[in-house]
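Read-outs: derived from the displayed coordinates by stated rules, not from any lab. This is a predicted model, so every value here is computed, not measured. Every residue, glycine as well, gets a Cβ built from its backbone with ideal geometry; the counts of neighbours run over all protein chains shown.
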Ligand code: FES
Ligand code: MG
């Protein structure tokens, strides 16, 4: 039985052009080298790409090299033809000067592949932080049927009977090292134990957050985000995703039918409920803008801030991915939100059904890990949006602000939520590392550590450097965290009380450029203001002194990235690329 696709497959233009056998022969012959026959390519089956993000230098996603066989089997069994190709790799921890440079690069190269080859639908393999937004951004630009599959988080890490999670163990162990409580060897053992298997970070860091967001957007099969990489269900999910990719190609279920403003607002809500990474902010804005959806600064407050934290997972809570998966994963969290009337259940998803239909019967199975909406881990746990004389936009992840912090920085007794601190300003992370233990800086528990030159233009790429730890002398006295502020980002696995993604950044003349060590910074969590208490005339004088220097571009891409990329508040996207959407409507000429 032959099925008729809802829209003719674009691969027909390559392989089945009447009167152009010279052209089609040229296109057809080389695929025989690995076993695909011309007849098969001409018979009208959809060609389903597998965008392979795993490799030896992208170890978080490496399991996709094996999962690809299961994806292929699913595609074949459902009547499609798989074609696997590499995505530009992104490895968060290892890429210098920062993996953030690669999100837009991976995006742009994936657009060229999806647009320029005979592909009718695509499985985008994701995992490590930026692989998910890069893939979804590209799927929107081209607008062909697309579905994401992540490789799954690692198994839970254990060190001497204590749960140790990716990234979070590093920040916590650094403090122990600084306080002289552990040595370098023990530090390495703790880090190694946090990574017991294949997979991406097992905390609710940026990887788990972004894969949860793909589910919230409706771009992956329900339950996909949290299944640990080595579990049997991970292979089954890969197979089912391959099958489904063929169906969405026939149904012409494209990202533009799924990625609506309401689905992005759902993603913002889910980010709060899971205690998601602060990197969700630029990535959600970037994906939305490429989908033609506007996410305003106020949306984070109006739709995300007041919601509770429901997932008890590091860094905001206690547990790790395996337990989260067994508790029901992302569908169980969305089910809580839906029941409480905080999710738009009417949004279409890659299953061909709505969110509400997908979520039926997905109640949590472990209430220590996924809490009920009316008995959450924390109330009002979303990103607080701040502005003031230092920047127009920054966020603070409130789910990780401790009681100790709240007491220590209270500006006046009884004035809840108003804090004051003395600024210690660093120009980039080398400067921070050189000077943080300098006694001359006189850093005490009433200071705020500020880092600048770490935004998209300054770094370049925007670096995860805002989660700075206090000097050793303070750690030894038991002061384990200081508030921080910066125009860079911070790791999603960090529990530091930070004001980050400050835009505009100092490198383009944002207010952090004129801030000086010793200035008092006042933060009002009630009104979302953050100001340096410096007179206007003095600000003008300092502005005349210029912008702190940042390193020159070292590669052609760094230079191009700087030329074309906007601020984190606007998603840090290649601004010109926003104008291209739905390129698959027009097949490129022969
Ligand atoms: Fe790749 Fe965390 S470093 S997922
Ligand atoms: Mg990260």
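A few comments on the model shown:
- Helical runs assigned H by DSSP (4 residues or longer) give the chain a calculated mean residue ellipticity at 222 nm of -9500 deg cm²/dmol, each run adding -39500 (n - 2.57) before division by the residue total.
- With Cα atoms, 0 to 90° folded angle of helix 280-290 axis to the chain main axis: 40 degrees
- Residues in region 106-131 reached by a label modelled at residue 36 [backbone nitrogen below 11 Å; 7 Å Cα→Cβ]: 117-121
- Kirkwood hydrodynamic radius of region 386-552, from the reciprocal of the average inverse Cα-Cα distance over all distinct pairs: 15.8 Å.
- Rounded Å value of the spacing that divides the Cα centres of region 246-272 and region 557-590: 20 Å
- Stretch gain in nm, segment residue 354-residue 533, where the contour uses 0.36 nm per residue and the Cα spacing is subtracted: 59.4 nm
- Packing, taken as the mean count of other beta carbons within 10 Å per residue, orders the peptides 493-501, 356-364 from highest to lowest as 493-501, 356-364.
- Estimated distance in nm for a label pair at residue 365 and residue 586, the labels positioned 7 Å out from Cα along Cα-to-Cβ: 5.1 nm
- Modelled FRET efficiency - R0 45 Å, residue 306 with residue 76, Cβ distances, 0.05 increments: 0.45
- Relative contact order of region 368-517, pairs being alpha-carbon contacts under 8 Å that are 6 or more residues apart, as %: 25 percent
- Potential lengthening between residue 29 and residue 442 on full extension [0.36 nm per residue; Cα-Cα distance subtracted]: 141.5 nm
- Annotation for region 364-422 versus region 494-521: alpha-carbon center distance of 19 Å.
- For the chain, the longest principal axis of the C-alpha atoms and the axis of helix 206-217 are separated by about 50°.
- FRET efficiency estimate (nearest 0.05) - Cβ-Cβ, residue 508 to residue 161, R0 51 angstrom: 0.55
- Percentage relative contact order, region 445-590, counting C-alpha pairs under 8 Å, at least six apart: 22 percent
- Among 22-33, 184-195, 131-142, the order from most to least packed when residues are scored by Cβ within 10 Å on average: 131-142, 184-195, 22-33
- With the highest mean first, a sort of the peptides 342-350, 158-166, 281-289 on other beta-carbon atoms found within 10 angstrom per residue produces 281-289, 342-350, 158-166.
- Taking 0.36 nm per residue of separation and subtracting the Cα-Cα distance, full extension of the segment from residue 517 to residue 434 would add 28.3 nm.
- Separation between Cα centres of region 1-55 and region 164-193, rounded to whole Å: 52 Å
- Relative contact order (%) - criterion: Cα under 8 Å, at least six apart; region: the chain: 14 percent
- Placing R0 at 41 angstrom, the Cβ-Cβ distance between residue 407 and residue 575 gives a FRET efficiency of 0.45 after rounding to 0.05.
- Cα gyration tensor category, rounded, prolate or oblate, for region 229-348 with a/c compared to 1.5: oblate
- Label-to-label distance, residue 182 versus residue 7, with points set 7 angstrom from Cα along the beta-carbon direction: 5.2 nm.
- Angle of helix 168-178 to the longest C-alpha principal axis of the chain, folded into 0 to 90 degrees and rounded to 10: 30°.
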